[in-house]
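See below for the structure under consideration.
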């Protein structure tokens with residue numbers, strides 16, 4: 001039984017939707033569904049969060065307005081244009097529609113990356129958005145409302161101001177109406193996006209025909225009336241009462257006109273203030289766009305300079321690296337040459353030591369030979385005269401010089417065989433060798 005009651009209550013909630021008062025509407029409870037492609041457009045459904053576990057469609061009751069041309073049909077689609085006149089007390093409803101448009105643009109801006117994979121700028125959204133209310137004059141705006149139909153039969157019901165259902169023929173241009181609007185979805189096309197309102201119900205107010213007024217005073221007087229109740233007395237009293245009523249009516253009317261004039265003037269001032277604020281907002285946005293553009297250009301310039309400096313720095317480092325490599329190559333080559341020279345010097349030193357050793361040995365042998373010859377001269381001195389000694393000494397000296405020269409040539413030939421380039425070096429030592437020998 002409880003389940004059945006819940007189902008019945010849910011059905012009733014579906015049958016009798018919540019109709020919102022536009023003057024007390026909470027925009028923060030609107031929820032937008034991610035757009036999905038339907039036909040030649042992309043649509044985002046919009047719901048109202050009634051509770052934690054419940055969302056409902058949005059039904060808005062309009063103020064009493066005039067229809068411009070009644071219900072129209074174009075390309076098998078029905079619609080009705082509603083006149084929103086600021087001078088007829090429609091300011092609050094106009095503000096509601098404007099707030100709703102601003103909320104739509106803000107929601108699309110916040111979700112553009114998730115929905116369209118790119119961040120859409122606000123100025124682009126502003127240009128592409130088609131508002132719910134279209135401006136006709138400064139004070140008159142038009143709201144076009146779609147009317148759903150099945151073939152030639154429209155789905156929404158139409159009532160007169162007595163609550164009786166009527167058909168399309170009952171509506172005429174300039175009629176006063178009151179409507180229930182349903183927010184269907186937010187539609188995205190190639191070059192625009194706009195909310196789509198459809199008609200839920202319509203009530204038409206027809207002006208009453210002037211009826212014959214029934215006077216309040218006594219009209220059936222004749223001779224049968226009692227004398228103490230003259231009709232004239234009653235008529236005079238009635239005339240005075242009528243005058244008082246008329247006077248009070250005119251006073252009330254003047255007072256109402258005065259209040260209405262003050263209200264309209266106040267609304268006019270509010271509208272001017274809104275226009276001024278809107279102009280200031282647009283100017284601020286324009287200045288902000290210019291500032292951001294300047295910042296962007298400056299950042300690009302700085303980035304270009306940074307890249308140029310990096311390029312020059314890289315070139316400088318590359319040149320330094322090449323220069324270092326060249327110097328290192330020269331250093332290595334120089335070090336290699338020094339090593340070669342060091343080795344040559346070492347060989348020369350060893351050769352010199354060997355040469356000195358051989359010269360010392362040669363000198364030692366020469367001294368021994370000289371000692372031997374001296375001993376022989378001493379022996380011969382006893383047997384020969386002075387002349388013969390002198391001749392023998394001369395011959396001995398000649399023999400010593402001959403042997404020394406031959407030894408020097410032998411040593412020189414050895415070192416030529418070791419390294420032909422050392423010829424010049426050995427030539428420099430030649431005199432030293434002869435000096436050592438002598």
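The values are calculated or read from the model by the stated rules, or taken from the named source; none is laboratory data. What you are looking at is a predicted structure, and each value in this text was computed from that prediction instead of being measured. For neighbour counting, all protein chains shown are included, and Cβ atoms are generated from backbone atoms with ideal geometry for every residue, glycine included.
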(message) Of the conditions (1) in contact with a helix residue (DSSP H, G or I) (Cβ under 6 Å, 6 or more places away or on another chain); (2) surrounded by 15 or more Cβ atoms within 10 Å (Cβ to Cβ), residue 59 satisfies every one except a single condition; which number is it?
(response) (1)
(message) When you check residue 270 against the structure, is it at pLDDT 55 or above and either closer than 30 Å to residue 56 by Cα or more than 49 Å from the chain's Cα centre (by Cα) (or both), yes or no?
(response) no
(message) Of all residues being in contact (Cβ under 8 Å) with a residue 40 or more places away in the chain and more than 18 Å from the chain's Cα centre (by Cα) in the range 120-135, which is nearest to residue 91 (Cα to Cα)? Just the residue, please.
(response) 133
(message) Out of the strands (runs of 3 or more DSSP E) lying entirely within the range 34-112, which hold 3 or more residues that are over 26 Å from the mean Cα position of the chain (by Cα)?
(response) 41-51, 54-56, 58-61, 65-74, 77-85
(message) Give me the residue from the range 35-56 that is exposed (fewer than 14 other Cβ atoms within 10 Å of the Cβ) and touching a strand residue (DSSP E or B) at 6+ places or on another chain (Cβ under 7 Å) and, out of that set, nearest to residue 170 (Cα to Cα).
(response) 50
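Which residue, of 139, 152, is surrounded by 14 or more Cβ atoms within 10 Å (Cβ to Cβ), modelled with pLDDT under 90 and either closer than 30 Å to residue 43 by Cα or assigned by TED's automatic domain parsing to the domain that holds residue 112 (or both)? Give the steps one after another, and end with the answer.
Working: 152 fails: surrounded by 14 or more Cβ atoms within 10 Å (Cβ to Cβ).
Sole residue among the options that is surrounded by 14 or more Cβ atoms within 10 Å (Cβ to Cβ), modelled with pLDDT under 90 and either closer than 30 Å to residue 43 by Cα or assigned by TED's automatic domain parsing to the domain that holds residue 112 (or both): 139.
Being at pLDDT 90 or above, in a helix (DSSP H, G or I) and more than 30 Å from residue 98 (Cα to Cα) is true for just one of 275, 300, 280. Which residue is that?
Answer to the selection: 300.
Is the range 192-207 home to any residue that is part of a loop (DSSP other than H, G, I, E, B), at pLDDT below 80 and either surrounded by fewer than 12 Cβ atoms within 10 Å (Cβ to Cβ) or in the same structural domain as residue 109 (by TED's automatic domain parsing) (or both)?
Step one: filter the range 192-207 for residues part of a loop (DSSP other than H, G, I, E, B), giving 192, 206-207.
Cutting the leftovers down to at pLDDT below 80 gives us 207.
Among the residues that remain, those that are also either surrounded by fewer than 12 Cβ atoms within 10 Å (Cβ to Cβ) or in the same structural domain as residue 109 (by TED's automatic domain parsing) (or both) are: 207.
The answer is yes; a qualifying residue exists.
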(request) Exactly one condition in (1) farther than 16 Å from residue 196 by Cα; (2) surrounded by 12 or more Cβ atoms within 10 Å (Cβ to Cβ); (3) touching a strand residue (DSSP E or B) at 6+ places or on another chain (Cβ under 9 Å) is not met by residue 174; state its number. (result) (2)
(request) Return the residue satisfying two criteria in turn: it lies in the range 1-24 and is within 13 Å of residue 50 (Cβ to Cβ) and in a loop (DSSP other than H, G, I, E, B), and of such residues it is modelled with the lowest pLDDT. (result) 17
